[in-house]
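Working notes, structure below.
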Amino acid sequence: TVTRYLLRVNGERREVDVEGDTPLLWVLRDELGLTGVKYGCGVGLCGACTSHVDGEAARPCVRTTADSTRTPITTIEGLSRDGDHPVQRAWRELDVAQCGYCQPGQVMAAAALLARDPDPDDEAIEEALRDNVCRCGTYPRIRAAVRRASR
Ligand code: FES
């Protein structure tokens, strides 16, 4: 049954009319036009869709819309006003992306890590980003950018 859901996305209240079990990823991309959130596997394994739910890294491909109404959601589009989050700056300075497809998810995973641990050691960085897959293999630059963005 199509139902109206009220979501809080990137600081705005957004209403969508969808079936409750619609994956949040489709709502973000197709209903709200937030196509910085990428579809990779659709089953929570690749990290391409990583966004923040209540400030924590989360995978909207495996959350239903009905389960997403109570907590603030942030996508890469809402991470900073004009791309000036420290993680985004470090990403540009080190020219991290190759094809770029996985990078919004990588950036969001890194930003969530630094929000809870501003000075992570290499092990913590590895742990936080281990399940964000990059087919181009930009891992060394990703890790370096996270270190640069930390204080
Ligand atoms: Fe969500 Fe792969 S698309 S984890």
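Derivation of every value follows stated rules applied to the coordinates shown; laboratory data play no part. These numbers come from a predicted model, not from an experiment. Here the Cβ is made from the backbone with ideal geometry for all residues, glycine too, and neighbour counts use every protein chain on show.
Compute the helix-to-body angle for 103-116: its Cα long axis versus the longest principal axis of the chain, expressed 0 to 90° and rounded to tens.
Roughly 80 degrees, rounded to the nearest 10.
State, to one decimal in nm², a quarter of the convex hull surface area for the C-alpha atoms of the chain, i.e. the direction-averaged projected area. Spell out each step's value before the answer.
Values: hull surface 33.0 nm².
Quarter of the Cα hull surface area: 8.2 nm².
Using alpha carbons only, how many degrees (0 to 90, rounded to 10) separate the axis of helix 139-149 from the longest principal axis of the chain?
So the helix axis and the longest Cα principal axis differ by about 90 degrees.
Which stretch or stretches of the range 120-151 have amide N atoms under 20 Å from the point lying 7 Å from ASP95's Cα along the Cα→Cβ direction?
Under 20 Å, as judged by backbone N against the label point of ASP95, lie 135-149 of the range 120-151.
Please work out the FRET efficiency for the pair ARG4 and ASP117, using the Cβ-Cβ distance as r and a Förster radius of 30 Å; give the result to the nearest 0.05.
Details: r = 38 Å, r/R0 = 1.26.
The formula returns an efficiency of 0.20 here.
Sort CYS49, CYS99, CYS134, CYS41 so the one with the fewest other Cβ atoms within 10 Å of its own Cβ comes first. Intermediate results must be reported in sequence, preceding the final value.
Numbers: CYS49 28, CYS99 10, CYS134 23, CYS41 14.
Sorted ascending by nearby Cβ count, the order is CYS99, CYS41, CYS134, CYS49.
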